[in-house]
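Trainee: Here's a structure for you.
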Amino acid sequence: QQEKLELLACPALGLLAEPGESAAAFRARVDQVAREERDLAVQALRNKYDPKFQQLQAKLDSVDGKLAEQKAQATAQQVDTAAAFGGAILGAIMGRSAVSATNVRRGASAVRSAGRAKKQMGDVTRVEEQRAALLEKWAVLQAEANAKLATLQAKAPGQGLEIVSAEVKPRKADTDVGTLTLVGLPFRRDASGASSYAFSIA
């Protein structure tokens with residue numbers, strides 16, 4: 001009940017030196033545990049951000065596919081529009097009547113084709129804006145993840161962790177009782193009341 005044990009301790013990691021463990025050995029153990037905890041923190045950071053990047057990548061892939069399709073449609077529509085206008089102009093020039101019914105129909109078709117081409121280009125622009133917004137989100141997320149990772153890696157493992165001297169008191173829970181043996185030793189009292197063993201020890 002009166003005994004105390006002085007041991008080194010690292011409160012930040014909840015570590016306590018073993019009895020007889022040297023200061024150097026305990027410091028090495030603290031550094032090892034700190035490295036392991038840092039690695040776990042880095043892995044936890046990756047587990048947190050990887051799904052977010054994967055989600056953004058899936059959206060980018062979808063937008064890239066849509067953008068390629070829209071550009072192809074816009075290009076085809078531009079070709080159709082050029083052909084329609086070209087046909088209308090040639091019809092007006094080569095026809096006997098500059099305002100024939102055929103030329104009117106060709107002109108109307110060219111106008112409709114131009115409207116469709118304009119719409120297709122507008123679709124391309126909207127998809128490009130979506131892609132730019134996704135890339136901006138990616139950059140913000142990347143900067144956030146990099147900042148947190150840099151904070152974790154800024155200090156060497158164990159650096160700045162205080163090691164103190166801790167006083168360990170015995171507890172009943174730590175008491176290990178072995179075999180308990182009761183031995184009876186007979187003794188006698190003489191006339192004066194003095195006690196003496198009733199057997200001899202060789």
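The values are calculated or read from the model by the stated rules, or taken from the named source; none is laboratory data. As the structure is a prediction and not an experimental result, all values here were calculated from the model. Here Cβ is always computed from backbone atoms with ideal geometry, including for glycine, and neighbour counts include all displayed protein chains. Protein only, heavy atoms only, side chains kept; ligands, DNA and RNA dropped before computing areas. Shrake-Rupley method; radii C 1.70, N 1.55, O 1.52, S 1.80 Å.
Trainee: When you check LEU90 against the structure, is it over 30 Å from LEU5 (Cα atoms), at pLDDT below 70 and among the hydrophobic types (A, V, I, L, M, F, W, C), yes or no?
Mentor: Values: over 30 Å from LEU5 (Cα atoms): yes; at pLDDT below 70: yes; among the hydrophobic types (A, V, I, L, M, F, W, C): yes.
Spelling it out, LEU90 is indeed over 30 Å from LEU5 (Cα atoms), at pLDDT below 70 and among the hydrophobic types (A, V, I, L, M, F, W, C).
Trainee: If you don't mind, another one. Please indicate, with yes or no, whether at least one residue in region 52-67 is assigned to a helix (DSSP H, G or I) and at pLDDT below 80.
Mentor: So in region 52-67, the residues assigned to a helix (DSSP H, G or I) come out as 52-67.
Imposing the further condition that a residue be at pLDDT below 80 reduces the set to 67.
So far as region 52-67 goes, yes, one or more of its residues are assigned to a helix (DSSP H, G or I) and at pLDDT below 80.
Trainee: Across region 167-200, what is the total count of residues that are at pLDDT 80 or above, of a type in the set (Gly, Ala, Ser) and outside any loop (DSSP other than H, G, I, E, B)?
Mentor: Here the count works out to 2.
Trainee: Checking the structure you have, find out if any residue of region 29-51 is open to solvent by less than 80 Å² (accessible area, probe 1.4 Å), more than 20 Å from ALA145 (Cα to Cα) and among the basic types (Lys, Arg).
Mentor: Yes.
Trainee: Report every pair of residues separated by at least 6 positions or lying on different chains whose Cβ atoms are under 9 Å apart, first residue within region 139-151 and farther than 10 Å from LEU45 by Cβ, second open to solvent by 60 Å² or more (accessible area, probe 1.4 Å) and assigned to a helix (DSSP H, G or I).
Mentor: Within 9 Å, the pairs are LEU141/LYS52.
Trainee: Out of everything in region 153-166 that is open to solvent by 50 Å² or more (accessible area, probe 1.4 Å) and modelled with pLDDT under 80, what residue ends up being farthest from ASN47 (Cα to Cα)?
Mentor: GLY160
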